[in-house]
Amino acid sequence: MANSQAIGAAYLDQDIIDANYSLVNSVTGQVGYTTGSPLISVTSVTQITSKATGVTINAAAGQIVTHNAALAAGAEVAFVVTNNMVSGYDIPVLAVASGGATAGTYLLSVAAVANGSFTVVISNSSTGSLSEALTLNFGILHVAQL
């Protein structure tokens with residue numbers, strides 16, 4: 001380990017980039033980015049026009065507020081998130097933060113990942129049409145290129 005430094009029974013790896021902004025808490029189990037990290041400087045973006053409208057948010061984590069256009073029962077809609085921090089090897093993670101009147105009526109998935117973007121799919125799993133603006137939390141799990 002030529003670039004590592006012994007610190008007792010472990011090694012301090014000097015190749016960790018932005019280690020000052022990484023959060024790993026062994027007590028609470030939290031893993032992520034610390035407050036003030038330049039990786040999450042842009043935190044929110046809002047769709048305009050429809051739920052199919054693409055958005056741009058250049059951050060490793062943040063929120064997307066969707067349009068409140070109707071989504072029929074059993075229907076799906078996809079939109080592209082343009083993000084200069086995403087590589088084709090990364091794993092975008094999504095969650096509904098708010099806006100769904102009933103838990104489980106909206107399902108989220110990622111249909112595609114490429115350098116600079118990922119595609120979000122919103123599915124209406126209810127038996128009725130839904131017209132709500134959703135707030136989606138997202139985070140990017142960065143994977144080293146092979």
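The values are calculated or read from the model by the stated rules, or taken from the named source; none is laboratory data. Everything numeric here is computed off the predicted structure, so don't read it as measured data. Here the Cβ is made from the backbone with ideal geometry for all residues, glycine too, and neighbour counts use every protein chain on show.
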task = Within the stretch 84-94, identify whether any single residue is at pLDDT below 95 and buried (at least 18 other Cβ atoms within 10 Å of the Cβ), and answer yes or no.
result = yes
inquiry  = It is to be established whether one or more residues within the stretch 62-76 are farther than 26 Å from Gly128 by Cβ, free of Cβ contacts under 8 Å to residues at least 60 places away in the same chain and in contact with a Ser or Thr (Cβ under 9 Å, 6 or more places away or on another chain).
reply    = no
query = For the stretch 95-146, what are the residues that are surrounded by 14 or more Cβ atoms within 10 Å (Cβ to Cβ) and among the β-branched types (Val, Ile, Thr)?
reply = Val96, Thr105, Val110, Val113, Thr119, Val120, Val121, Ile122, Thr135, Ile140
Tally, over the stretch 111-137, of residues that are free of Cβ contacts under 8 Å to residues at least 60 places away in the same chain and part of a strand (DSSP E or B) = 11
Residues within the stretch 29-57 that are farther than 14 Å from Leu134 by Cβ, surrounded by 14 or more Cβ atoms within 10 Å (Cβ to Cβ) and modelled with pLDDT of 90 or more, tallied = 2
